[in-house]
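K.L.:
Okay, here's the structure, questions in a sec.
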Amino acid sequence: MGRLLSEAERILLCFEKWIMISVGLLLPAMITVGVFFRYVLKTDLYAIEEIEIFFGVWFYFMGAAFSSYRGSQITADILQVMLKSKGSRKTARVIAACITFLVAIVFTYWCTDLITFAMDTRPVTAVWKIPYIAEYVAVYAGFALMTIYAFRDLRRAMAGETEVVPQSGD
């Protein structure tokens, strides 16, 4: 079972990295082309912003998920510095990880409602008619991955591991 989970984690990380790298290269290129057309050629790429927003949402939420995997998101761990005993620091880590996990579950649930809404109403962008569900899936995937990583961190905190984030070269 552990090997299966490791392989699943490897595949998910490859997916996240692939999205971040490809969109991270594509998005600035699209913006540069848009600027070139607008200011040099004095014409406009009609509604390119709709496409840029689509890629931006995927980039943002895969980056957020990867940040959760690495444990490099912004935290306010002042309690870890203020608390003197190992037991109280472990309790604070468990409480923080539990809150993070519960909030992630709530947001993932809300994203499920959002996708259900999009499947029922089928909203699309104004010009290119891109289905909004394509963006909503990015939000859902990001929160689902963050929930998985929050659960992993909660288990590690409960086990008493001082370092609850992966420190490999990823």
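The values are calculated or read from the model by the stated rules, or taken from the named source; none is laboratory data. The model shown is predicted, which means the values in this text are computed figures rather than measured ones. We place every Cβ from the backbone using ideal geometry, glycine too, and count neighbours over all the protein chains shown. These area figures cover heavy atoms from the full protein model, side chains too; ligands, DNA and RNA do not enter into them. Shrake-Rupley method; radii C 1.70, N 1.55, O 1.52, S 1.80 Å.
K.L.:
Determine whether PHE55 is open to solvent by less than 70 Å² (accessible area, probe 1.4 Å), closer than 19 Å to LEU12 by Cα, of a type in the set (Phe, Trp, Tyr) and touching a Lys or Arg at 6+ places or on another chain (Cβ under 9 Å).
P.N.:
no
K.L.:
Can we say MET30 is within 30 Å of ALA157 (Cβ to Cβ), open to solvent by less than 70 Å² (accessible area, probe 1.4 Å), in contact with a helix residue (DSSP H, G or I) (Cβ under 7 Å, 6 or more places away or on another chain) and in contact (Cβ under 8 Å) with a residue 24 or more places away in the chain?
P.N.:
So MET30 fails the test.
K.L.:
Turning to a different aspect of this structure: Please find, within the stretch 103-146, the residue that is most open to solvent (accessible area, probe 1.4 Å) out of those that are assigned to a loop (DSSP other than H, G, I, E, B) and not basic (Lys, Arg).
P.N.:
Ranking the qualifying residues of the stretch 103-146, first place goes to TRP128.
K.L.:
Evaluate the stretch 27-41: report whether one residue or more is over 19 Å from the mean Cα position of the chain (by Cα) and part of a loop (DSSP other than H, G, I, E, B).
P.N.:
yes
K.L.:
Given (1) of a type in the set (Gly, Ala, Ser); (2) open to solvent by 70 Å² or more (accessible area, probe 1.4 Å); (3) touching an Asp or Glu at 6+ places or on another chain (Cβ under 9 Å), identify the lone condition not met by SER72.
P.N.:
(3)
K.L.:
Condition check: in contact (Cβ under 8 Å) with a residue 40 or more places away in the chain and either among the hydroxyl-bearing types (Ser, Thr, Tyr) or under 22 Å from TRP128 (Cα atoms) (or both). Does ILE51 satisfy that?
P.N.:
yes
K.L.:
Here's something else I'd like to know. What's the number of the condition SER67 fails, among (1) under 20 Å from the mean Cα position of the chain (by Cα); (2) open to solvent by 40 Å² or more (accessible area, probe 1.4 Å); (3) hydroxyl-bearing (Ser, Thr, Tyr)?
P.N.:
Going through (1) under 20 Å from the mean Cα position of the chain (by Cα); (2) open to solvent by 40 Å² or more (accessible area, probe 1.4 Å); (3) hydroxyl-bearing (Ser, Thr, Tyr) one by one, SER67 breaks only (2).
K.L.:
Within the stretch 82-102, which residues are hydrophobic (A, V, I, L, M, F, W, C), without any contact (Cβ under 8 Å) to a residue 12 or more places away in the chain and either assigned to a helix (DSSP H, G or I) or surrounded by 17 or more Cβ atoms within 10 Å (Cβ to Cβ) (or both)?
P.N.:
MET82, ILE95, ILE99, LEU102
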